[in-house]
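The values are calculated or read from the model by the stated rules, or taken from the named source; none is laboratory data. Small disclaimer: the values here were computed from a predicted structure and weren't measured. Here the Cβ positions follow ideal geometry from the backbone for every residue, glycine too, while neighbour counts run over all protein chains shown. What goes into the accessible areas is simple: the full protein's heavy atoms, side chains included, and nothing from ligands, DNA or RNA. Shrake-Rupley method; radii C 1.70, N 1.55, O 1.52, S 1.80 Å.
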Amino acid sequence: GVDVQVLSTVPVMFNYSAKPEDTLDLARFLNDDIAAVCRKHPKRFVGLGTLPMQAPELAIKELRRCVQELGLVGIEIGSHINDWALSDENLFPIFEECERLGACIFVHPWDMYGIGKDKYWLPWLVQMPAETSHAICSLIFGGVLRRLPKLKFAFAHGGGSFCATLGRIEWGWVVRPDLCAVDNDVNPKEYLGQFWLDSLVHDPKMLHHITETVGENRIILGSDYPFPLGEHHPGKLIESMKDMSDELKLKLLWHNGLEFIGKQHKEFERDDDELAESAAATAGTAAAAAAAAEKKKEQS
């Protein structure tokens with residue numbers, strides 16, 4: 001089972017297109033709620049906040065409240081902010097403050113091209129991975145990772161299509177520096193190991209590939225709960241990898257995530273009473289689910 005879960009809002013609640021004051025109001029509500037859950041169960045949950053990113057001054061104020069008052073470890077942001085790529089200078093002060101505060105940033109793709117227009121769920125299957133790669137490349141080519149080397153970024157869904165197209169990305173930097181290297185003349189591959197990717201790739205070969213690409217210390221367990229494209233048994237792919245050592249599996253399942261959120265294992269150790277309470281709650285949840293299923297069966 002899952003011992004500790006990092007909580008964040010669903011991307012549809014980013015609300016970046018709304019009036020900044022309205023987005024701030026919603027963000028404060030969501031952040032307060034996540035913080036309350038974490039305070040109630042400090043050894044089970046860790047929280048990431050959400051910000052009105054379209055209004056950097058408001059975002060920085062809420063960021064400080066998230067970290068300094070609510071005890072959240074960082075923020076979750078979208079792969080772009082309306083018309084701003086993550087390389088946009090309007091966003092840099094927010095990232096700079098995150099580095100100063102020691103707050104991590106989890107980037108989740110959203111607002112993909114083709115939503116409502118394309119068939120076969122393609123925005124989620126094709127454009128969403130491209131959105132994540134776009135976010136990573138924006139931060140690299142825009143020089144954000146160069147200017148803020150201590151800032152901790154993690155990207156959802158194994159970094160989307162980034163690792164699979166890294167050769168093409170690097171070759172574009174080589175052959176068209178007039179387009180790709182205008183803000184940063186450092187080879188994109190030099191930044192491998194500076195950011196984290198989650199493990200949600202649904203394929204053993206791809207899990208090996210992203211681990212080899214960014215390093216075995218830079219893959220963290222991702223669930224994408226509660227969405228259908230998530231891993232319905234979090235960690236199942238990692239646990240099923242017969243050619244991965246137990247030490248490496250432990251890194252992917254636990255240790256790397258701790259480093260990303262800036263926590264220590266001892267902060268989540270529970271005594272016997274706490275473990276018994278957790279087991280009882282889990283059993284109660286399972287019993288309730290079984291009863292609901294039985295009732296549904298009877299009604300059908």
G262 meets each of (1) within 13 Å of V4 (Cβ to Cβ); (2) touching a Lys or Arg at 6+ places or on another chain (Cβ under 9 Å); (3) of a type outside the set (F, W, Y) with one exception, condition (1)
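Given the options N217, N184, name the one that is more than 22 Å from I261 (Cα to Cα), part of a loop (DSSP other than H, G, I, E, B) and touching a residue at least 40 places away in the same chain (Cβ under 8 Å).
Values: N217 fails: more than 22 Å from I261 (Cα to Cα).
Sole residue among the options that is more than 22 Å from I261 (Cα to Cα), part of a loop (DSSP other than H, G, I, E, B) and touching a residue at least 40 places away in the same chain (Cβ under 8 Å): N184.
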Among the residues listed as E231, E239, E216, the single one being of a type in the set (D, E, K, R) and touching a Ser or Thr at 6+ places or on another chain (Cβ under 7 Å)
E231
The one condition in (1) open to solvent by less than 70 Å² (accessible area, probe 1.4 Å); (2) at pLDDT 95 or above that R270 fails to fulfil:
(2)
Candidate set from the range 237-267 (those that are over 21 Å from the mean Cα position of the chain (by Cα) and in a loop (DSSP other than H, G, I, E, B)); member that is surrounded by the most Cβ atoms within 10 Å (Cβ to Cβ)
M244
Counting only residues that are in contact (Cβ under 8 Å) with a residue 40 or more places away in the chain and buried (at least 17 other Cβ atoms within 10 Å of the Cβ), which one in the range 22-44 is nearest to I105 (Cα to Cα)?
N31
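State yes or no: is E89 farther than 30 Å from H202 by Cα and either open to solvent by less than 10 Å² (accessible area, probe 1.4 Å) or of a type in the set (D, E) (or both)? If you could, list the steps in order and put the result at the bottom.
Values: farther than 30 Å from H202 by Cα: yes; either open to solvent by less than 10 Å² (accessible area, probe 1.4 Å) or of a type in the set (D, E) (or both): yes.
Yes; evaluated as a whole, the condition is true for this residue.
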Pairs where the first residue, in the range 238-250, is within 14 Å of L221 (Cα to Cα) and the second is open to solvent by 80 Å² or more (accessible area, probe 1.4 Å) and in a helix (DSSP H, G or I), C-beta under 9 Å, 6+ apart:
K249/E239
Quick one: would you say I77 is farther than 18 Å from C98 by Cα, within 17 Å of the chain's Cα centre (by Cα) and either modelled with pLDDT of 95 or more or assigned to a helix (DSSP H, G or I) (or both)?
no
Residue list for the range 165-176, restricted to those being crowded, with 17+ Cβ neighbours inside 10 Å and aliphatic (A, V, I, L, M)
L166, I169
Can you pull out every residue in the range 96-126 that is under 21 Å from H157 (Cβ atoms), part of a helix (DSSP H, G or I) and either open to solvent by 40 Å² or more (accessible area, probe 1.4 Å) or among the hydrophobic types (A, V, I, L, M, F, W, C) (or both)?
L122, W124, L125, V126
Only listed residue being in contact with a Leu (Cβ under 9 Å, 6 or more places away or on another chain), within 16 Å of S87 (Cα to Cα) and either assigned to a loop (DSSP other than H, G, I, E, B) or open to solvent by 50 Å² or more (accessible area, probe 1.4 Å) (or both), chosen from L151, L179:
L151
Matching residues, the range 182-210, being surrounded by fewer than 19 Cβ atoms within 10 Å (Cβ to Cβ) and among the β-branched types (V, I, T)
V182, V186
Go through the residues of the range 5-21 one by one and say whether even a single one is open to solvent by less than 70 Å² (accessible area, probe 1.4 Å), assigned to a helix (DSSP H, G or I), without any contact (Cβ under 8 Å) to a residue 40 or more places away in the chain and within 19 Å of C98 (Cα to Cα).
no
Can you report the number of residues in the range 38-60 which are part of a helix (DSSP H, G or I) and more than 19 Å from the chain's Cα centre (by Cα)?
6
